[in-house]
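Here's the structure we're looking at; comments come further down.
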Amino acid sequence: MIEQDTKSQALEFRPATEDEPEWLYTLRKQAWERYNEMPLPDRVQHLWKYTAPEQFEPELVEEVMKAVPVRPNGHSRTEQMLPEGHDGIGVETSDNKFGIALSDNATEKGVTLISLAEAAEQKPELVEKHLGSVIGSDYGKFEALNLALWQGGLLLHVPAHTTLEQPIHLKRTPGSGTTITRLLLVVGENAEVSIIDEYAGGDGDGLMHAVVEGIVDNSARVALTSMFNLPESQRLNLTHRNRIGENVTLTSSAVALGGSVTKVNWSTQLAGRGANSHWNGLLLGNGKQHFDHFTGHHHSASETYSNLEFKVAAGGKAVSAYTGRINIDKDAFFCEAYQENRNLLLSDKAKVESIPELEIINDEVKCSHGVTVGALEDEQIFYLMARGITRDEAMRIILTGFFEKSLETLPQVLRETTRNQLLAKLEV
Amino acid sequence: MAGNDVLLSIKDLHVTVEGIEVVKGVSLEMKKGEKHAIMGPNGSGKSSMANALSGHPAYEITSGEVLLDGENLLEMDASERSIAGLFLAFQYPLAVPGVTVTNFLRSAIKAHRGDDPSVLRSFRKEMKEAFKLLEMDEVFASRYVNDGFSGGEKKRFEILQLAMLQPKVAILDETDSGLDIDALKVVSKGVNAAHTDDNAVLLVTHYQRILNYVSPDHVHVMMNGNLVRSGGPELAHQLEEKGYDWIKAELVA
């Protein structure tokens, strides 16, 4: 590792193009320096206790640098059909092809969905203000890498007082090498939007580093669905953080099904009085899949509310490690924070870990957390079998029931397909 | 009666649970159209027998023979026993959160009759009728199975399943326990409606109360893992009057 670090330090960090804006080059260069300075994450720290960080080091940083960062003239647009029932779609592949389509409705309302490179030129006021403001280069080594060397990436901006009734689907597909992508999500005051943030497809045993920065202004209503559907040869390291303002309602869902190693660090800062955040996740692992989820609700303002429910089922030799943190600051009064994690072990060789972490420096709070770990109950299986249902079918029915409440939190357009994906995975 | 009228034939049944023998050589025969009651004090082994017959994994049948309409029941797992025509109304029905009553019933019906479109077409209608029979509100169709049901609602739902699945032999494991008189009447009405000349019902109960509404042809008394006395309906009344101690005393003497 030391050898590699020296090597990457030796690489000269040049502007991406001759006309790269000064502010952007400076921001990226500083991040690059931070990446090189910082050691790999300490495994004693909870965040990396269950997952070796080495496997997220890009094998050839030179290669990554060559490909990165692509300016607008370096990537191409492909034709993209807008699927029915959507107000927008943004598809990004590892070879820097973007397929983006917005509904007329979204375009008329001034919604922006463009590549981050285009955005740096066309919307510098937004990008300069927000890029790296929630997840900066001090956040961690890989976050610094991301800020320095993002290749693709998207900006989604929903202006104030804009309501979109149908979801905007963003899909990132990795290749066989290292892909570094970033989503900057800016939602204006009193706007309403539903976003599907999907990581799927691709072949080869690639590595994807992704960052999602969400800045949500006062009184906005945002539904954010994260879908992890990568093939079982791909590794994903995602850091997703939202900062939400006064009276915002953020409803997040996560569906973790694919990937070989999936490391997700999700957090939300409830920064404005009266902000609400609900998170509902489901995870189904099998084979040798490895999942490591961290969630954090950080209450920095008074009268904020968070609620989190995570359902995990692990079969085969799958591993799921989950750390759920709640922080309530000293001057954040009358907050409520709830967290529940239920785990089902579907085989003797599957493993789950669940670690609640509560840091509450205020007495005026309502807070609870709960963890359960268990196998499917024989009694329950017997009940279904006594009605003529085979053992396998009984287990499938009980498991889909286990996930049902989480499925119901998904946008309508995803519910049936996700239910079918679950069922297909349970067939294995 | 001819031999082929025998629906359930149990010979010298022995059952252990966690290594302890709880059923110690029960023999019983039920014919088409019959209603039998097995009565006994707590811990006599009657519920263990019901569970073992249905294929509960915690109850091991160590010896004996059980034929259901001529088929060897002991070679089948619980789901195969159900398909073969055995039904157990559970003493403690289990909740299946996230699974609606409709989906649960549809899966059971599909398992029994296949998924031919005609089966699924008649399913809704049959379910509606079953709800009416058990005097259950149709909102239950979209509720999760036994999740948050009251004791009485759970028992009604058991009998609703009995009515829909139309088994050859239904075993009712203390279906009457915990029911108020109105619920008991509704449940009994359901059992009587499901009972025909071609099937048989085995009531397992501690009390004589349900026998006022579902009148059995044969009453057996179970104690300490065995049937110690068999008779007609009058035996149930004697038990109601004198309690189980009376038989215990006779057995000792």
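Read-outs throughout are calculated quantities, based only on the coordinates presented, and are distinct from any laboratory measurement. Everything quoted here is computed from the prediction, not taken from an experiment. Here the Cβ is made from the backbone with ideal geometry for all residues, glycine too, and neighbour counts use every protein chain on show.
DSSP beta bridges fully contained in the protein assembly as shown are about 20 percent antiparallel.
Answer rounded, prolate or oblate for chain A, using the Cα gyration tensor with square roots of eigenvalues a ≥ b ≥ c: rounded when a/c is under 1.5, else prolate when a/b is larger than b/c, else oblate. Rounded is the answer for chain A, as its axis ratio a/c remains below 1.5. In a DSSP loop and with at most 15 other Cβ atoms within 10 Å, the chymotrypsin sites (Phe, Trp or Tyr not before Pro) in segment A:273-376 are A:F334.
Taking a ≥ b ≥ c as the square roots of the eigenvalues of the Cα gyration tensor of segment A:72-196, is the shape rounded (a/c under 1.5), prolate (a/b larger than b/c) or oblate? Taking the square roots of the gyration eigenvalues as a ≥ b ≥ c, segment A:72-196 is oblate. Phi-derived couplings, Karplus 6.51 cos²θ - 1.76 cosθ + 1.60 at θ = phi - 60°, listed residue by residue for segment A:355-361: 10, x, 10, 10, 10, 10, 10 Hz, with x used for Gly and Pro. For chain B, the relative contact order is 28 percent, taking Cα pairs closer than 8 Å that sit 6 or more residues apart in sequence and dividing their mean separation by the residue count. Helices assigned as whole DSSP H runs in chain A whose Cα atoms extend at least 18 Å along their own long axis and whose mean Kyte-Doolittle hydropathy is -0.5 or higher are found at A:391-408.
Pull up the DSSP beta bridges for segment B:92-227 and report the antiparallel fraction as a percent, rounded to 5. Around 45 percent antiparallel, to the nearest 5.
For segment A:285-380, trypsin sites (Lys or Arg not before Pro) meeting the loop criterion (DSSP other than H, G, I, E, B) and having at most 14 other Cβ atoms within 10 Å: A:K288, A:K330, A:K349. Peptide packing for B:204-217, B:75-88, B:134-147, B:109-122 was compared via the average number of neighbouring C-beta atoms within 10 Å per residue; ordered from the highest value, the list is B:75-88, B:204-217, B:134-147, B:109-122.
The protection proxy used here, the mean number of other Cβ atoms lying within 10 Å of each residue, ranks peptides A:77-85, A:190-198, B:53-61 as follows, highest first: A:190-198, B:53-61, A:77-85.
Across segment B:183-247, the mean sequence separation of Cα contacts (distance under 8 Å, 6 or more residues apart), normalised by length, yields a relative contact order of 25 percent. Here the Karplus relation 6.51 cos²θ - 1.76 cosθ + 1.60, evaluated at θ = phi - 60°, turns the backbone of segment A:170-175 into coupling constants of 10, 9, 10, 10, x, x Hz, with x for every Gly and Pro. Inter-chain neighbour count for B:204-217: the average number of beta-carbon atoms from partner chains within 10 Å of each residue's beta-carbon is 0. Amide H contacts of A:S354: A:Y322, each under 5 Å away and 5 or more positions distant or on a separate chain (H built 1.01 Å from N in the peptide plane; Pro and chain starts excluded).
Computed on segment A:2-375, with alpha-carbon pairs under 8 angstrom and 6+ residues apart, the relative contact order is 10 percent. Averaged over the residues of peptide B:100-107, the number of Cβ atoms from other protein chains lying within 10 Å of each residue's Cβ is 3. Amide H to amide H distances under 5 Å link A:N343 with A:V312, A:T372, A:V373, A:G374, where only residues 5 or more positions off or on other chains count and H is placed in the peptide plane.
Between B:L172 and B:A89, B:L202, B:L203, B:V204, the built amide H atoms are under 5 Å apart, and every one of these is 5 or more places off in sequence or on another chain. By definition, a body whose alpha carbon gyration tensor gives a ≥ b ≥ c is oblate when a/c is 1.5 or more and a/b is not larger than b/c, and segment B:121-209 fits this oblate description.
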